[in-house]
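Structure below; questions to follow.
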Amino acid sequence: MNHTARRDFLRLMLLGGASFGLLPACDDKKAPSGATSGSPSGAPATASGNSDKEFQIGWSVWTGWMPFKLMQEKGFLAKRAEEHKVKIKLVEFKGYMDSVQAFAAKKLDGCAMTSMESLQPASNGVPSVAILINDRSNGGDGVLVREGTDLKGLAGKTVLLEEFSVSHYLLNRALESAGLKEKDVKIKNIPGDDAGKAFLTDKSVDAVATWNPHLFQAVEQGKGKVIFSSKDIPDEIMDFLVMNEDALKANPGLGPALTDAWFDAMGYFAAEATRKDAIDIMAKGAGSSVEDFEKMLKDTDLFTDKKKTADFLEGEKIKGTMEKVKKFSFDHDLIKNEGFQIGLGHNAKSQLKFDKSYIKI
């Protein structure tokens, strides 16, 4: 299992009516399905270079991706698409991994995904280009313990987490920072939501790697302490808009239209006069109350600034970060291509690259 459950759990929480303990089991092997707003099907989306081609971009409900709903609702995407002479359709998926699988099958021209998932389609032959960073976790993921504040105290303990997920990666980095290795702890594989719930209800559970709301609930209730979080590894748990490079080449207006529309939405969100309306639209799109959506935003840094985003996309920080993610993926057999390379810049010769050229500053 991967971090699908994390995305799907938060999607369910935002949609309302789902208690924190009612996370459905994830099935990573199911065929791409569950798309709303016109699920793509048939031939690969990048097959045609026709100017009448409608390019399809997949996304799913997640705090950092709700600006896609804002782009749509406020007409930012339609305006930019017309300006750049390109047809674009946003395809909302009910299941996050369904969208990633559709991108990997070349049924989508682009897809919103995490740093970890971005390696997998690329390592399997999809020429992938990250043209935007949407957000980063800033405290929303963490290692929670019953007692103590020293990471070295984890040695010998059983840690509940979801294997091969962002929580697993986070624990790996936490142990590394304390001079420990995974073999120094006992990992018990359990859905991340269940891990957080177990910590809150079972005093025999000493440590978990999970996410909010479990983190702040445990702290507020005096049941535990967060001894390591995504704040300690800034820019490592993050989300991107990843494009099939063939689609970008098929219509030069595609990338700029998407990035322009994203920053139109970010400007609307950031401006004091329109922020409330932006949050109302995004919360409604997620099926959430504004209050709950605001809580999610607290630990999610949206990339609202063009220059910061562009600098980040081709900076040394992201290069180092992605090498860490790649190492974790290799070490845990999530990718197997020994020659897999990650590149920076428009002219990089690699299966996955980060390219700021589509952002007009």
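Please treat every number below as a calculation from the coordinates, not as lab data. Note that the coordinates shown come from a computational prediction; the quantities given were computed from them, not determined experimentally. Positions of Cβ are generated from backbone atoms using ideal geometry, with glycine treated the same way; all protein chains shown enter the neighbour counts.
Please order Y96, Y358 by the number of other Cβ within 10 Å, starting at the fewest.
Y358, Y96
Take each of the peptides 280-286, 238-244, 253-259, average the number of other beta-carbon atoms within 10 Å over its residues, and list them starting from the highest.
In decreasing order of mean packing, 280-286, 238-244, 253-259 become 238-244, 253-259, 280-286.
Amide H of K188 versus every other amide H placed in the peptide plane: which residues, excluding those fewer than 5 positions away on the same chain, fall under 5 Å?
V159, L160, L161
Based on the mean of other beta carbon atoms within 10 Å per residue, what is the order of 304-317, 161-174, 141-154, most packed first?
161-174, 141-154, 304-317
So what is Rg over Rh here for region 137-291, counting just Cα atoms and using Kirkwood for Rh?
The Rg/Rh ratio comes out at 1.09.
Evaluate the relative contact order of region 141-232 (contact order divided by residue number), counting alpha-carbon pairs under 8 angstrom at least 6 apart; express in whole percent.
Rounded, it is 47 percent for region 141-232.
Which whole-percent values make up P(r) of the chain when all C-alpha to C-alpha distances are grouped in 10 Å steps starting at zero?
Percent of pairs per bin, in order: 5, 25, 34, 24, 9, 2, 0.
Over the Cα atoms of region 52-167, what radius of gyration and what Dmax do you get, in Å?
For region 52-167, the Cα-based Rg and Dmax read 18.5, 61 Å.
Restricting to Cα atoms and excluding each atom paired with itself, what does the Kirkwood estimate give for region 141-232 in Å?
When all Cα pairs of region 141-232 are included, the Kirkwood radius is 12.5 Å.
Measure off 7 Å from each Cα along the Cα-to-Cβ vector at E338 and D150, then give the distance between these two points in nanometres to one decimal.
4.2 nm
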